[in-house]
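What follows is a short report on a single structure.
The values are calculated or read from the model by the stated rules, or taken from the named source; none is laboratory data. Just so you know, these numbers come straight off a predicted model, no measurement behind them. When we count neighbours, we look across all protein chains shown, and the Cβ atoms used for this are built from the backbone with ideal geometry, even at glycine. Note: accessible area is taken over every heavy atom of the protein model, side chains too, but ligands, DNA and RNA are not part of it. Shrake-Rupley method; radii C 1.70, N 1.55, O 1.52, S 1.80 Å.
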Amino acid sequence: MYLNVLKNNKNVLFYLLGAGASNLGNVITGLAFLFLAYEMTESTLHTTGVAISQVLPYLLFGLVGGVIADSVDKKKLLIKIDLISVPLILSLVALHQFELLNYWHLIIVSFIIQCLGCFFNPAHRAILPVITKEEERTTVNSLLDTVTRGVTVLGPIASVGLMNTIGIIHFFTLDAFTYLISAILIYKIRLQEKDSEISRIKTTDIISSIRDFAVWAYRQVTIRTLFIVTVIIVFFNTWVWQVGLLLQLMETRPNGEELYSILLGWYGAAVIAINLLVPIIWKKLNMKIYLIGSLIWGLGIFILGLATNTPLYFIGVLVTAIGLPISGLARVYLLQQYLPTNKLGRGFSFNAFLLYLSNAISLGIFGFISSFVSTHILFLICGLMMIVSSGVYLLTILRNKPGVMPYKRLNS
């Protein structure tokens, strides 16, 4: 199945290889920014500042990026962004060689790179439905998620060897090469966008374009429900998974950091396996499957709240790794299915904006609450809320109504 798609659609092959190269560079560079920031300042606050510089652009420009992606030739936009990024990232290497590199250079370049990502990511996501047939999308989405998650898991492992050979500063040199490779592979994609599909939008129309999309999305029951549930699920997941799990392990296990690394590897392997299985089980995805995935995801978080021994931690992480990719792949499939071609960029940027906004709010609120509530309790509360939220929406769409098929109302 996977080989047939790659064999019959070379555009997909170029797309996936480009995404893999680009994501590898992003992972390696993301680590380099954090490592160098800590080496230069020895301050957790300054290191956190770099992390914030990588999130803030998506809250400021994420929605604008989607409007631009819908308004211009996506292929040309992607290539230009890749080529602009090459000298930008190499400037850090040059400054280091002349012993002029300081902390603020890291902040500025990190911020600009992520600003470019605000425009690159929605355009990159938006061309996938254009180069695939509907029956191929579940398979291609699975391959894309497998490639990006695989690189995310392997990147930190590879970075250990790179640190001992080329040095941290040349992580940026490697990233520059991945930008060039990405640009070449995107250039090889045959993407024909009709003039009628490209809106000639002016800068002054950006705000109204975002507003028009928001109004349109609110009137679409499937899209509206998808966005609402996504915000809820991500809000209750972000802190406990990104911060809480490490804290809980360090508080309760003698080898907390080591076990945390092992669990992340276990999680990554499980997610990749589920990504490959989803297209075999379901040729098409729908809102029901999305909500089931979210419910399983929440169950995994709840189990981690109950964990008192190592086997239970592995079970909780495994359940989470089953639910998250099912939910994620279904969400992407539904966006590709229900967003018109001229709204794909705005749809994916709106989705990304909501994800980053939920992340930021979750980190702030639960980070504060964690100072006086135990991590175990927060896991139980967040997992339970994820289960209840998904379950309520799932029961709603499964409820029979005279003359209406179950869950058809949300898929119409």
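Residues in region 277-317, backbone N under 18 Å from the label point at VAL388 (7 Å along the Cα-to-beta-carbon vector): list them, ranges by number please.
What the label zone holds, given the 18 Å backbone N cut-off, is 294-306.
Quick check: net charge around VAL215, other residues with Cβ under 13 Å of its Cβ, Lys/Arg +1 and Asp/Glu -1?
Local net charge: +4.
Which FRET efficiency, nearest 0.05, do GLN242 and ASN309 yield, Cβ-Cβ r, R0 22 Å?
Efficiency, rounded to the nearest 0.05: 0.45.
Could you please state how large a percent of the accessible area of the chain is carbon and sulfur, counting protein chains only and using a 1.4 Å probe?
Values: 12840 of 19080 Å².
Ligands and nucleic acids excluded, carbon and sulfur give 67 percent.
So how do ARG253, ARG399 rank on accessible area, 1.4 Å probe, biggest first, that is with the largest at the start?
Values: ARG253 60, ARG399 140 Å².
The ranking, largest first, comes out as ARG399, ARG253.
Estimate the FRET efficiency between ARG399 and ILE280 by the formula 1/(1 + (r/R0)^6), using the beta-carbon distance for r and 35 Å for R0, to the nearest 0.05. Kindly include the intermediate steps, with their values, before the conclusion.
On the way: r = 30 Å, r/R0 = 0.85.
Efficiency for this residue pair is about 0.70.
Mind checking the full-extension length gain between SER208 and MET40? Use 0.36 nm per residue of separation minus the Cα-Cα distance, one decimal, nm.
Working: separation 168, 0.36 × 168 = 60.48 nm, distance 4.34 nm.
That pair, SER208 and MET40, stretches by 56.1 nm at full extension.
Please work out whether region 282-411 counts as rounded, prolate or oblate from its C-alpha gyration tensor, where a ≥ b ≥ c are the square roots of the eigenvalues and a/c under 1.5 means rounded, while otherwise a/b larger than b/c means prolate and anything else oblate?
Numbers: a/c = 2.06, a/b = 1.52, b/c = 1.36.
The shape class here is prolate.
Could you give the size of the charge dipole of region 11-163 about its Cα centre, using +1 on the Cβ of each K and R and -1 on the Cβ of each D and E, expressed in debye and rounded to the nearest 20? Intermediate results must be reported in sequence, preceding the final value.
Working: 8 positive and 10 negative charges, 66 e Å.
Dipole of region 11-163, to the nearest 20 debye: 320 debye.
Starting from the 7 Å offset along Cα-to-Cβ, what nm value, one decimal, do you get for the label separation of ASN102 and ALA158?
3.4 nm
Sequence gap at least 6, Cα distance under 8 Å: using those rules, report the relative contact order of the chain to the nearest whole percent.
On the way: 575 pairs, mean separation 103.3, N = 412.
Across the chain, relative contact order equals 25 percent.
Using +1 at the C-beta of Lys and Arg and -1 at the C-beta of Asp and Glu, which of GLY65, VAL332, TRP216 has the Cα lying farthest in the positive direction of the dipole of the chain?
Of the listed residues, the answer is TRP216.
May I ask you to give the solvent-accessible area per residue for the chain, in square angstrom, as obtained with a 1.4 angstrom probe? Mind showing how you got there, number by number?
Values: 19080 Å² over 412 residues.
Each residue of the chain exposes 46 Å² on average to a 1.4 Å probe.
Roughly how big is the chain's charge dipole about its Cα centre, with Cβ charges of +1 (Lys, Arg) and -1 (Asp, Glu), in debye to the nearest 20? Mind showing how you got there, number by number?
Numbers: 29 positive and 19 negative charges, 383 e Å.
Once rounded to the nearest 20, the dipole reads 1840 debye.
Can you sort LYS7, LYS75, LYS284 by solvent-accessible area, 1.4 Å probe, largest first? Spell out each step's value before the answer.
Numbers: LYS7 150, LYS75 40, LYS284 125 Å².
So, going from the largest accessible area down, we get LYS7, LYS284, LYS75.
Please report the net charge: other residues with Cβ closer than 14 Å to the Cβ of PHE119, K and R +1, D and E -1. Before the final figure, lay out the partial values.
Values: positive: LYS74, LYS75, LYS76, LYS80, ARG125, ARG346; negative: ASP70, ASP73, ASP82.
Local charge sum for PHE119: +3.
When the helices in the chain are scored as -39500 (n - 2.57) per DSSP H run of 4 or longer and the sum is shared across all residues, what 222 nm value do you end up with, to the nearest 500 deg cm²/dmol? Mind dumping the intermediate values first?
Details: 15 runs with 334 residues, N = 412.
-28500 deg cm²/dmol, from helical runs alone.
Between THR173 and LEU83, what is 0.36 nm times their sequence separation minus the Cα-Cα distance? Round to one decimal in nm.
Taking 0.36 nm per residue and subtracting the Cα distance, the gain is 31.0 nm.
Modelled label-to-label distance, VAL221 and ALA51, 7 Å Cα→beta-carbon offset: nm?
Placing both labels 7 Å along Cα→Cβ, they lie 4.1 nm apart.
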